[in-house]
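Written below as structure tokens is the structure these notes are about.
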Amino acid sequence: MRRNVGYFVVIIHSVVLASLHKDPGVVYVGKYGNYTWPRHDLQAEIPGEIILGALHMVHERSDNKICGPIMPQGGIQALECMMYSLDRINEGDFLPGFSIGVLSKDDCDRDIYGLEQAVDFIRGSVANVGGSEVYKCDDESDPIVQLPVIPGVIGAPSSVTSIQVATLLKLFEIPQISFFSTSSVLSSRDRYPYFLRTIPSDVNQAQAMVEIVRMLNWTYVSVVYEESSYGIQGFNELEKLLKEANICIATTEKLTKDSGVAGQDTYDDIVDKLKLKPNARGVIIFGSDQEVGELMEAVKRRNATGMFTWIGSDGWGGRGLAYHGKEEQVEGAITTQPLAYEVKGFKNYFLKLKPGSNHRNPWFIEYWEQQFKCKYPGSPWTPYNENFIKDCTGNESFDLDTFDMEAQLQFVSDAVLAFAYAIKNMHQTLCPNTEGLCDAMNPIDGEKLKKFLLEVQFKGLSGDDFQFLPNGDGPARYRILNFHQKDKGVYEWSTVGYFKNGNLTEMQNLTYRLDEPMHPPSVCSHPCGPGEATQLVEGDSCCWTCMKCHTYQYMPSKSECVTCPMGTIPIADKSYCQPIPQKFLDYDDALSFSAMIVATLGLAATSTIMITFLRYSATPIVKASGRELSFVLLVGIFLCYSMTFILVSKPTEVSCGAQKFGIGLCFSIVYSAILTKTNRIYRIFKAGKRTTKRPKFISPKSQLVICGSLVAVQNAVGIVWVLLRPPKVISYYANRDDHQLVCNDAVEAWYMVGFTYPIFLIIVCTFFAFLTRNIPEAFNESKHIGLTMYTTCIIWLAFVPIFFSTADEIDIRIATMSFAISLSATVALACMFAPKSYIIIFHSERNVRQSLMAAKPVMSGPVVQNNYRATKCNIRIDTDSKSYQGSDMELTHRLRTSGSCNSLCSRSTNLTQANGISISTQTLNFPVRLKYENREPEQDQGEETEQDQDVQL
């Protein structure tokens, strides 16, 4: 050791001394004598100027014997491949003037035992650090045999052993290249700075296995992994990748390895637990061949053959220990295997080896005995050959049909060649133009050697190019193997695809069983159908029942149904909610169009009548109908028809405000004017029964003030309503399929706030119309008013129930309201103005004072003279000093009370003494002819008096 290792010398010295006194093994009493097992002293050697260390799992692991039987493929074949590669390197002039040798030990696939064996690799380094003082003979002299300094180590095959060995070797800066260790832990440059490998990391292998599961459309699998660094780290990667792929793990089971060798009961329990999850037919096994072979035996014992499909790691895929004698149980397995090609020439080399000539491999005879089930003459006894009856001849031959060659020997060969190319490049750099080793390479600096190792690039004996990844791992390439029946009873491993650059490629000819080619599904619950949510089964996060979402629910995730917000409905696949198209009255709607036609006709009729009244405003019939209130009434009717266009328009804040204010205003104008008319008539004739004094506030101006005051009440209501409840446009949902755009007051009965006062006016008007129903026929406008109000009441009695019954159909409610308003306006227009307009336009001859007064034949009575002695009265009515201009006008009244002219004259208290006798028309109780004499032209011809309005109401 050359840097910073002085403080390790004492510790390592103790380890080395302990290793010098290794337990020679257990002495067994056999059938044919005693023997020691295992034999720690056995080692395979090839001499050379540079000696590499090597660890191979020549024997299987055994719980009670430490080392079990020979491991044929990953053990003996890997060892012979290493020596074969060294032979090829040392042939010719590849290395200038020196050769590379090896010192190989057996780790029996056990980490602690392998660590003890690896101590032999650091003895030379310890001696080099401490000098000859470390090792002394009993007489204090230096030993004759000098321990070689091992510059690099090939192996170990097992990840758990490699971790132990790498921890030791880094103290002495000895690079280590493993050919089978795949644990992801070993990729850490901080913890294992001198560890490299020619095989890819388990991170990539786990990704390949998950891609296979995804390809098979499995969503529910069990995982079995061995209790070692290889298995645990592999499982950790699997668990993470499976979760990312949304693949559930049904159960996880451990295969005992580091803690010992499990018995049959342990494996039987694992199979029984797998059977508890019958839907998880896919099982991922991340383990080694020996443990997997025991698991398959348990599958046979527990009658679980054919129940599961295996997805395997490279630790057992294609290895005889896992499937020999268990073909039916393994059938259909899909395993990953680092992509490796056959080492050219090695198979022929291996098949020609004989126990009598292969002296450099001390375990080859044991391998031969195990392969041919015979005892080789002169070989030492072992726990495994003492049961063989026949003797080996040494000339037995392999059956090529059943012979299995390890498929990953390329990684062994590449590990050897990596050291060879690195040492050659190092020699060219440090010892240029020099044959043999120079002082710069004696001994070899491990740090420098690691640098050259990471930079090597070469074409291996397999013909494949090789280069380490920056972290020291091998390139991530895998072959996908499938174990299946080629013919009845003939099984084989075949390549069915590859995994490169994170993707499966060239996948084909995948077979499960001869009678069932397709691999069975491995799902706990089948995916729910469209519109169905998964409801997890309690206690198992991977299984669920399907819950159908109802019509108005969508699925924000696979496991929940959420009701769509009002105004939206889910799309067909229920992935999200889409808005329901808004429904509202607009000008292009059929209902709106119908309402607007009615309103347009009403506006045209109202405009025509208004123009007619304006044009003939000075005529008697217009004057007699109360010209000012008539125009107010026409304006109200015009507004009623106009409201239709506001009501059926698309709701906006402006239109909503106009609706709130307008529906009450237009009606209040109409019925305020009608109420003013009926109230005036009522007051006049009621006062005539009690007194001759003329009632107050019956002049046109007074009538306009009264009407305006009544309208002002509605305006106040509208203003307060708008202020307390501002108009808004809202979405209204009568049901889950409905989405109406409406004004906020169209919902419920808020519009009745605007109708309350007009309804009150209608009721009062109807009341007065009823009271004035028996006014003489000459006053026929009272009957027209009565007809108007009775019809209006019928309309509104029908409208109110319709209004409340259409609470869910706002468009129908608004359209009905439009028709009701237009119909009410039409009734008022027809009853109040149609007869007058008919006379004005078609019978102008009746539009005179005499016509208005002669509704009934005139009955002549006695003429009353000024001295009250005659029966004929020449009476001049003087009202407030105003008289009529023009010819005499006659008015015929039919009153209900009886009396005489004398009583009339005597009862009159409203007579004037100016230019004749004046009486009150309200006190007449019999037919009388009134003569108005035109004696004082006191007013213009166009001015209207109260008498003009009293003539024809």
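Over the Cα atoms, compute the radius of gyration (one decimal) and Dmax (the largest Cα-Cα distance, rounded to a whole number) for the range 202-347, in Å.
Computed over the Cα atoms of the range 202-347, radius of gyration and Dmax are 14.6, 49 Å.
Could you check how much of the accessible area of the range 169-323 is carbon and sulfur, as a whole percent, using a 1.4 Å probe?
That share works out to 42 percent.
First check a/c for the range 532-579, with a ≥ b ≥ c the square roots of the eigenvalues of its C-alpha gyration tensor; if it is under 1.5, answer rounded, and if not, answer prolate when a/b is larger than b/c or oblate otherwise.
Working: a/c = 3.09, a/b = 2.99, b/c = 1.04.
Judged from the Cα gyration tensor, the range 532-579 comes out prolate (a/c at least 1.5, a/b above b/c).
Just to verify a number: FRET efficiency for I112 and A245, C-beta to C-beta distance, R0 = 45 Å, to 0.05?
Working: r = 37 Å, r/R0 = 0.83.
For R0 = 45 Å, the calculated efficiency reads 0.75.
Among the trypsin sites (Lys or Arg not before Pro) within the range 705-799, which fall in a DSSP loop and have no more than 14 other Cβ atoms within 10 Å of their own Cβ?
Sites meeting the loop and neighbour criteria: K728, R773.
Roughly how many percent of the accessible protein surface of the range 532-579 is carbon and sulfur, given a 1.4 Å probe and a whole-percent answer?
57 percent
With a ≥ b ≥ c the root eigenvalues of the C-alpha gyration tensor of the range 350-471, is it rounded (a/c under 1.5), prolate (a/b larger than b/c) or oblate?
Working: a/c = 3.27, a/b = 2.21, b/c = 1.48.
Since a/c reaches 1.5 and a/b is larger than b/c, the shape of the range 350-471 is classed as prolate.
State the number of lysine pairs found in the range 590-841 whose Cα atoms come within less than 15 Å, restricting to pairs 8 or more positions apart or on distinct chains.
12
What ranking, highest mean first, results for peptides 460-471, 190-201, 406-417, 637-648 when packing means the other Cβ atoms within 10 Å averaged over each residue? Mind showing how you got there, number by number?
Values: 460-471: 15.8, 190-201: 21.6, 406-417: 27.0, 637-648: 23.6.
Descending mean neighbour count gives 406-417, 637-648, 190-201, 460-471.
If you take the Cα Rg of the range 590-841 and divide it by 2.2 N^0.38 Å, with N the number of residues, what do you get?
Cα-based Rg divided by the globular estimate yields 1.06.
For F94, project a label point 7 Å along Cα to C-beta. Then give me every residue of the range 399-435 with its amide nitrogen under 11 Å of that point.
413-422, 424
Please report the net charge: other residues with Cβ closer than 15 Å to the Cβ of L400, K and R +1, D and E -1.
That sum, taken over residues with Cβ under 15 Å, equals -4.
If we count every other residue with Cβ under 12 angstrom of I569's Cβ, Lys/Arg +1 and Asp/Glu -1, where does the sum land?
Within the 12 Å Cβ shell, the charges total 0.
If we count every other residue with Cβ under 13 angstrom of P380's Cβ, Lys/Arg +1 and Asp/Glu -1, where does the sum land?
On the way: positive: R39, K375; negative: D41, E366, E369, E386.
Around P380, the charge tally is -2.
The values are calculated or read from the model by the stated rules, or taken from the named source; none is laboratory data. None of these values were measured; they are calculated from a predicted model. A quick note on method: Cβ atoms are made from the backbone with ideal geometry, for glycine too, and the neighbour counts reach across all protein chains shown. Areas reflect the complete protein model, heavy atoms only, side chains present, ligands, DNA and RNA absent. Shrake-Rupley method; radii C 1.70, N 1.55, O 1.52, S 1.80 Å.
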